[in-house]
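Before any comments, here is the structure.
Bear in mind these aren't lab numbers, they're just calculated from the coordinates by the rules spelled out. Predicted, not measured: the structure shown is a model, and the values here were computed from it. Here the Cβ is made from the backbone with ideal geometry for all residues, glycine too, and neighbour counts use every protein chain on show.
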Amino acid sequence: MADNLTKYREKRDLKKTAVPSGGASVKSSNGRRFAIQKHDSTRLHYDLRLELDGVFKSCAATKGPSLDPQDKRLAVEVEDQPLDYGDFEGTIPKELYGGGTVLLWDRGYWEPELNKSPEQALAKATSSSLLEGTGCTVFVLVRMRGNEDEKRTNCS
Ligand code: MN
């Protein structure tokens with residue numbers, strides 16, 4: 001697999017935790033998956049994961065999704081995750097990276113905004129819309145201008 005998951009593996013001791021190694025092949029689906037995981041780690045946060053090119057592009061927000069479209073959430077990009085991580089729920093031992101409990105908050109399929117490719121929607125990050133989720137149904141990602149190194153992304 002052309003590996004976008006090197007960082008993911010480097011950060012984890014896969015012998016000591018039940019999180020997926022990223023080695024398993026995941027059935028292809030008709031739509032691009034998304035998952036939102038509530039992660040009660042050192043600091044409680046919500047991980048938003050969007051399938052692109054065989055992995056989940058991921059960002060983390062310290063506040064949970066909201067039903068109010070006016071609400072904004074600052075989210076920070078994190079390393080790509082394997083697709084089977086989108087089904088993961090469980091407790092990672094406290095002393096390990098990401099130690100704490102992971103709960104699946106929502107999942108479904110996402111689509112880029114009209115007239116945008118998924119790559120444009122994420123890499124250049126204009127905006128994207130979620131479809132067919134069970135809880136959170138719509139969000140907009142806005143990549144903040146400024147320091148390229150910060151690579152921060154706003155989710156709302
Ligand atoms: Mn997390």
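Evaluation of residue 83 against the conditions (1) among the aliphatic types (A, V, I, L, M); (2) within 13 Å of the ligand (Cβ to nearest atom); (3) closer than 16 Å to residue 8 by Cα shows that the sole unmet condition is (2). Of the residues making up the stretch 58-72, those that are within 14 Å of the ligand (Cβ to nearest atom), in contact (Cβ under 8 Å) with a residue 60 or more places away in the chain, touching a Phe, Trp or Tyr at 6+ places or on another chain (Cβ under 9 Å) and not aliphatic (A, V, I, L, M) number 0.
Could you grab me the full set of residues in the stretch 42-61 that are in contact with a Lys or Arg (Cβ under 8 Å, 6 or more places away or on another chain) and either among the small types (Gly, Ala, Ser) or farther than 25 Å from residue 21 by Cα (or both)? 58, 61, listed by residue number. Residue count for the stretch 85-102, restricted to those that are part of a strand (DSSP E or B) and within 13 Å of the chain's Cα centre (by Cα): 1.
Remark: pairs (first residue in the stretch 83-106, of a type in the set (Lys, Arg); second residue loosely packed, with under 15 Cβ neighbours inside 10 Å; Cβ separation under 9 Å; 6+ apart in sequence or on different chains) are absent.
Provide a single number: the residues in the stretch 1-17 that are assigned to a loop (DSSP other than H, G, I, E, B), of a type outside the set (Lys, Arg) and surrounded by 12 or more Cβ atoms within 10 Å (Cβ to Cβ). Number of matching residues: 6.
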